Structure formats: C-alpha cells, structure tokens
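Every number here is computed from the coordinates shown, using simple stated rules; none is lab data. None of these values were measured; they are calculated from a predicted model. Note that we place each Cβ from the backbone using ideal geometry, even for glycine, and neighbour counts take in every protein chain shown.
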Amino acid sequence: MGQRIIIMAGGTGGHVFPALAVAQYLVKNGWHVSWLGTKRGMESRVVPENNIEIDWLAVAGLRGKGIGAKIKSALLLIKSFFQVFSIFCKRKPDVVLGFGGYVAGPGGLVAKLMGIPLVIHEQNRIPGTTNRLLMKKANKVLQAFPESFSPDINALFTGNPLRTEFLDSQEKEIWNEELERDLRILVVGGSQGAKILNDIVPVAVKALDRVEIRHQTGTAMFKTVFENYEKLSINAQAVEFIDDMASAYQWADMIICRSGAMTVSEVAAAGLPAIFIPLPHAIDDHQTANAHYLVDAGAGVLLKQPDLNELSLLKAIQDVKGSIREMCLAAKNKAKLDATVVVSDICIQEAKK
C-alpha cells in the first residue's frame, strides 16, 4: 500500500481545482488520496467524477452572518471536529494538505492535535480566514503569490497547481497588425457570467475594426448578449459556459475577465494579456491584489468596476493591443508552471519525517 494523504478543499473551483491537480499527480505516483469536503460545494461533483474517495463534513463559515446563523455554524463546527477525528483514525494519513475554505479549518487543527504533518496552500494574494488560522500551526505554508504571508511565516512561493490541460498548450502565435486574421478577444465573467461585462463589452467593441469576440455570458443573459452582438453586427460568439478553458486561452489574443486566483494563474500560464476587472465585493478585495501580480509586471491592465464604462474599456483594449507582444512575454515570465510538482514533492517530503 502506498502512502496516504488527505486533501482538504471545498466550496468553489478556486479551492477545488488546484487541489485536484495535486491529487491527480499523487495518484499517478502511487499515493492513496482521499478528500475532505462538503456535499454542497463543487467538490461533491468534481471529486467523485475523478474517482477519488471523499469524506463529508457538516460545516459552515462563521464570517459575515447573523447571530442565529453563527450559533448554528458554531455547533456544526464542534460536530465537525469529532467527524474529522473519526475520519483521520480510519484513513491514517501520512500527511494532510489544506487548500483553505471551511473544511480545512477543523481538518487542519485535528491534524495538528494528532501529530500528523500539515501542509497548507493559499491560492490568493491575500490569505483567507482559514489559512490565517492555520499558518502558525502548519509544518509548511505554501503561497501562490509572493508575500501573501508576512516574512515570519517563512511561506514558500510555489504558484497555483494547474491541471494538465493548462500546461500542455502549444506555443501560440502572437497577434500583430500584419496578420490576416482578426484580433481575438475572450470575455469571461465567471461560471454565472458578469452582468456588467455582458452590458458593456458589446457596446465598447463596436468601435473596433478587425475584431472577433468569444463571450461567456452565463445562462441568465445569454439571449440578450447574443442579440446585442447581432444587432451591432459584431463578429462574436456568445456562449453560456466554456467547458474547455485551455483551448479558449489558446484561441485568444487577449482576455477581459475577473481576477480570481486560478484565472490569474491560468492566464499567466497561457501567456495571455489581460484586462482585469476585479469582483468589487470579494472578501478583503483579494481579486484586486491578485490582478496586481500580473499588472505590476506589465502583463495586463487593471480596470476597477466603478470606473468601467464603454470608453474606459475601449481605451484598455487599445492599450493592450498596442503592447500585446510585450504583455504576452511578461505574462509567461510570471507563470509558475511547476507548481503541481513542487506542492506534491513538499507533501511527499513531509510524510517522510
């Protein structure tokens, strides 16, 4: 029997997908991987689809809710400690790896109490509540962006683990005015779409010549956006959802998007210049901090949502268009393509201690 790891990640794709990349790598290298998650998060679908065993926790966040909900969450949290203890006794992990989110809190604390090596990974440039709780208890603290944690934590800069499809892409042609094809702009508003991008992008790009748009709208506004592009006679493909983001990045010459941690990491890996419009209500404004990792390196443009309008977006597109080669190279230079291997190797080393 190979060595055993429990991976703790739940909720959104920002936690689940980098954890899944590590899980798949370790499985290929003979490890027995199991997962700690909740039935209401994305992991409830994605993890079983990848043939990874999962144990369920009944846990909820304590932040930003009313007193009644906080009491209920606190009771669930107490219950979850007993659940985790039972799961760890059954699974007997050699190391535990947490990617933040609600499930990693009780799991990380129980690992520490049981003397099991604990590794935590922070995907965002500003650490989340759970990782701030665990950062002084973990054997190793890993960060996707430099300086997410204070120097006294001795966090290691690893980047965000990416799935293999984002690492296997071919070298892409960098657009210039001499090419016969149009400039390709990818618009991504997240799985539900972003209303402000759906409203403004079609109007902004109508002033551009030789442009082709691929716009992920979400379900609710698909018909409206589709009709707007047709009405404005813009060469555009509107889609509710993009299943193959790696191919979409490969197709595009630039992207207009939010700046979640995984989006920023994937865009860098693709060498894709970006116009980042951070989600304004993200906790601790972490999306703005994420965006600055590439923007400060000359790989993109930051446009705050309150400043977003037809003219400001058009100017941002023209700015990127004028520096597209430099931005492509800058993005590639900031990518951490070995993050999956590095994070996995650290877990392997901790398990041997």
| note | Per-residue Cβ contact counts at 10 Å, fewest first, order F276, F82, F157 as F82, F157, F276
| query | Hey, which lysines would be in cross-link range of K315, C-alpha to C-alpha under 24 Å, not counting anything within fewer than 8 residues on its own chain? | reply | K195, K206, K231, K304, K332
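Please sort 299-310, 109-120 by packing, taking for each peptide the average over its residues of neighbouring beta carbons within 10 angstrom, highest first.
Packing proxy ranking, top to bottom: 109-120, 299-310.
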| Given K92/K112; K28/K112; K28/K140; K112/K336, which pairs have Cα atoms separated by over 25 Å? | K28/K112; K112/K336
| field | Volume per residue that the Cα convex hull of the stretch 38-138 spans, once the total is divided by residue count, Å³ | value | 109
| message | Please compute one quarter of the surface area of the Cα convex hull for the chain and express it in square nanometres. | response | 18.1
| query | Tell me, what HN-Hα J-couplings in whole Hz come from the Karplus equation 6.51 cos²θ - 1.76 cosθ + 1.60 at θ = phi - 60° for each residue of the stretch 339-349, using x for Gly and Pro? | reply | 4, 4, 5, 5, 4, 4, 4, 5, 4, 4, 5
| note | Dividing the alpha-carbon radius of gyration of the stretch 220-353 by 2.2 N^0.38 Å, where N counts its residues, gives 1.22
